[in-house]
1. How big is the gap, in Å, between the Cα center of region 86-145 and the Cα center of region 19-33?
2. Using a Gaussian network model of the chain with C-alpha springs under 10 Å, which one of Ala17, Ala96, Ala34 is most mobile by mean-square fluctuation?
3. Under 5 Å between amide H atoms, partner at least 5 residues away or on a different chain: which partners does Glu144 have, H built in plane at 1.01 Å?
4. Please list, in order along region 87-104, the HN-Hα scalar couplings obtained from phi with the Karplus expression 6.51 cos²θ - 1.76 cosθ + 1.60 (θ = phi - 60°), rounded to whole Hz, x for Gly and Pro.
5. Among Thr88, Thr35, Thr111, which one shows the biggest mean-square fluctuation in a GNM of the chain, springs joining Cα atoms closer than 10 Å?
6. Calculate log10 I(q)/I(0) of region 76-151 for q = 0.20 Å⁻¹, where I(q) comes from the Debye formula with a single equal point scatterer on each Cα and nothing for solvent.
7. Rounded to the nearest 5, what is the percent of antiparallel bridges among the DSSP beta bridges in the chain?
8. Counting other beta carbons within 10 Å of each residue's own, what order do Lys108, Lys85 fall into, fewest first?
Amino acid sequence: MRDVPGVGRKYEIKNIADGYVKNFLLPKGLVEIATDKTVSRLESLKKAEEEERKKHEDSLYKNMGELSACASTHADRSEVVIKLKEKTNEKGHLFAGIHAGEISEALKSQTKIDIPEEFIVLEKPIREIGEFVIPVKIHGKKGEFKLIVESL
């Protein structure tokens, strides 16, 4: 039912010691006994999860394509632009750094392009005002957009 380190992965059918199954895995709901009924149910669950993963991946590629399409239609490489206004000191340094999660939310709210934060490549949080080219990498495909940070 779930990945169990050292034992098996979700949806695998394996032979495991009876005592370990009865005393640990079954009470925690980590496994089920493999009967014809449970095996067919698990196969349908596995298929449904695979279809959902495929839809999610297609959505990510579509969103990445939107970044690439905007960039390729103009001479400026990163045509998708988002703006954030943050509190700064007199030297233009932000009081709090901007992380990938905040950038992902701003991208979604301002452009309707949904790129999860784990695909936004930031070496370190952004801590000053200015223009930044933000790289995005999804399963080997690369894209980018421009982030403009202004003082509030």
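Read-outs: derived from the displayed coordinates by stated rules, not from any lab. Please read all numbers here as calculations on a predicted model, not as lab measurements. As a convention, Cβ positions derive from the backbone with ideal geometry for all residues, glycine included, and neighbour counts pool all protein chains shown.
1. Their Cα centres are 44 Å away from one another.
2. Ala17
3. The list, which skips near neighbours in sequence, is Val136.
4. 6, 10, 8, 5, 8, x, 8, 6, 6, 10, x, 9, 9, 4, x, 5, 5, 4
5. Comparing Thr88, Thr35, Thr111 in a Gaussian network model of the chain, the most mobile one is Thr35.
6. Rounded to two decimals, the profile gives -0.83.
7. 70 percent
8. Lys85, Lys108
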